[in-house]
Amino acid sequence: MENLKEIVGDAVSFRYYPGGQLANLKGLLSAIQSGVADAVPIPVGYASDKMPLNGVSMLPGLGSSAKTNIQAYAAALKTPELSGEFSTNGVVPIWNMAFPPYQIFSSEGPIKSYEDFNGRVIRSAGGSMNLAIQSLGAAPAEIPASDIYVAMERGTVGATLSAFSSVKGYGVQELCDAASSNGSFGTFTNVFSIRQEKWDTIPEDIRAAMMEAGALVEKSVATRMDGETDSLAAEFAANGMHIYEIPAEELVKINGALEAVHTDWVNRLAERELPAQSVLDAYRAAAAGLS
């Protein structure tokens, strides 16, 4: 909002309702479609039933940083396959936010190899993360982020796949003694979007300014989130957590196993006659070119 005001001044005004006042995370797409809100950040993971192809942005093994994830998704959102899912739902994507790649945080020592995953019980947010964990020989336990601390404290799980900022947000670092720094176990994406009917009433110069402001936000968010990951890793290490890199030869094994997640995603959407393979191939190429 501030970036837009710097570009157009008082030509645009906002009524901002933070903290889920208009809708909870799962209800944000419905809120914008019904007109309760004109603009919302749509959590892609909670809109997968209506925007299945956009789920490619959260698959494991496709990005090395928030910058890579955000830039790759920004490019993908310009393709008819992904932008079309927004159009079908009556919304216009403006900018996206993606977490840095999820890492493996453990309360039972470092998990440095493919074999180290075997038999572990790892917290999952559900969906493709379940398959990712299973493909590595571990058992997923679907637990809300707000309950990770209690689950780990009680020994229900011994590890979680998460971003450094999320771990800090729920205090889980207090229970963990090790975390990877170079894995790519998936991510979570949000797309700030405007209702199509509202967009159609906005003058062309203001629309262009919104897109310009959105691109600026993507750059600043990527820089901030990657910097935050580095600073949190240093903070956790200073407090005794072992921050380690998974050896290159083990990353090859791990990423090879995670290909099962890609295959499952493609097959499920192919059954619905959706062009998942071509979307994945294009996204993978874009991400590889940015790494």
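Nothing in this text is a laboratory measurement; each read-out follows from the coordinates by a stated rule. These figures come from a predicted structure and were not determined experimentally. Here the Cβ positions follow ideal geometry from the backbone for every residue, glycine too, while neighbour counts run over all protein chains shown.
When DSSP assigns beta bridges and you keep just the ones with both residues in the chain, what percent turn out antiparallel, to the nearest 5?
Just about 65 percent of them are antiparallel.
What ranking do 199, 95 get, fewest neighbouring Cβ atoms within 10 angstrom at the top?
Details: 199 17, 95 24.
Fewest-to-most Cβ neighbours within 10 Å comes out as 199, 95.
Calculate the tail of P(r) for the range 108-249: the fraction of all Cα-Cα distances greater than 24 Å, expressed in %. Intermediate values should be presented prior to the final figure.
Numbers: 4278 of 10011 pairs.
So the portion of pairs separated by more than 24 Å is 43 percent.
Testing the spin-label approximation: label points 7 Å from Cα along Cα→Cβ at residue 198 and residue 11. State their distance in nm.
1.8 nm
Could you give the length gained by full extension between residue 274 and residue 48, i.e. 0.36 nm per residue of separation minus their alpha carbon distance, to one decimal place? Could you put the intermediate results ahead of the total?
Details: separation 226, 0.36 × 226 = 81.36 nm, distance 1.31 nm.
Gain on stretching residue 274 to residue 48: 80.0 nm.
Going Cα to Cα from residue 112, which lysines come in below 16 Å? Please leave out same-chain ones fewer than 8 positions away.
In chain and number order, the partners are 253.
222 nm [θ] for the chain, helices only, -39500 (n - 2.57) per DSSP H run of 4+, per residue, to 500?
Calculated mean residue ellipticity at 222 nm is -14000 deg cm²/dmol.
Given contacts defined as C-alpha pairs under 8 Å and at least six residues apart, what's the relative contact order of the chain, whole-number percent?
This gives 29 percent for the chain.
Using the Karplus equation 6.51 cos²θ - 1.76 cosθ + 1.60 (θ = phi - 60°), what ³J(HN,Hα) coupling, rounded to whole Hz, does each residue of the range 90-95 give in order, writing x for Gly and Pro?
x, 9, 10, x, 10, 8
Check cross-link reach from residue 26 to the lysines: straight Cα distance under 18 Å, and skip same-chain residues fewer than eight apart.
Partners found: 50.
Compute the angle between helix 248-270 and the longest alpha-carbon principal axis of the chain, please, reported from 0 to 90 degrees and rounded to the nearest 10.
The helix 248-270 is inclined about 50 degrees to the chain.
Taking the dipole about the Cα centre of the range 56-123, with the C-beta of Lys and Arg at +1 and of Asp and Glu at -1, give me whichever of 113, 87, 69 is farthest to the positive side.
Going by the charge dipole, the pick is 69.
Using the 10 angstrom Cβ neighbour count as an exposure proxy, how do 57, 231, 107 rank, fewest first?
231, 107, 57
Mind putting a number on the dipole of the chain about its Cα centre? Charges go on the C-beta only, +1 for Lys and Arg and -1 for Asp and Glu, and I need it in Debye to the nearest 20.
340 debye
How much of the DSSP bridge set in the range 64-211 is antiparallel, in percent, rounded to the nearest 5?
Taking every DSSP beta bridge with both residues in the range 64-211, the antiparallel ones total about 70 percent.
Please arrange 207, 224, 195 by counting, for each residue, the other beta carbons lying within 10 Å of its beta carbon, fewest first.
Going from sparsest to densest Cβ surroundings: 224, 207, 195.
About the Cα centre of the range 5-148, how large is the charge dipole given +1 on each Lys and Arg Cβ and -1 on each Asp and Glu Cβ? Please answer in debye to the nearest 20.
On the way: 9 positive and 11 negative charges, 26 e Å.
The calculation lands at about 120 debye.
In debye to the nearest 20, how big a dipole does the range 152-291 give about its Cα centre with +1 on each Lys and Arg Cβ and -1 on each Asp and Glu Cβ?
Computed about the Cα centre, the dipole is about 240 debye.
In the range 149-259, with Lys and Arg counted as +1 and Asp and Glu as -1 at Cβ, which of these residues, 186, 172, 241, has the Cα nearest the positive end of the dipole, that is, farthest along it?
172
Rounded to two decimals, what is Rg over Rh for the chain when you use alpha-carbon atoms and the Kirkwood radius?
In the chain, Rg relative to Rh is 0.98.
Roughly how many nanometres apart are two label points built 7 Å out from the Cα toward the Cβ at residue 142 and residue 79?
In this crude label model, residue 142 to residue 79 measures out at 2.8 nm.
Quick check: the angle from helix 66-76's long axis to the longest principal axis of the chain, C-alpha only, nearest 10 degrees?
That works out to roughly 50 degrees.
Per residue of the range 32-45, in order, report the coupling 6.51 cos²θ - 1.76 cosθ + 1.60 (Karplus, θ = phi - 60°) as ³J(HN,Hα) in whole Hz, putting x for Gly and Pro.
6, 5, 7, x, 4, 10, 8, 8, 8, x, 8, x, 4, x
If you build the Cα gyration tensor of the range 52-122 and take the root of 5 times each eigenvalue, what three semi-axes come out, in whole angstrom, biggest first?
Semi-axes (√(5λ), whole Å): 33, 13, 10.
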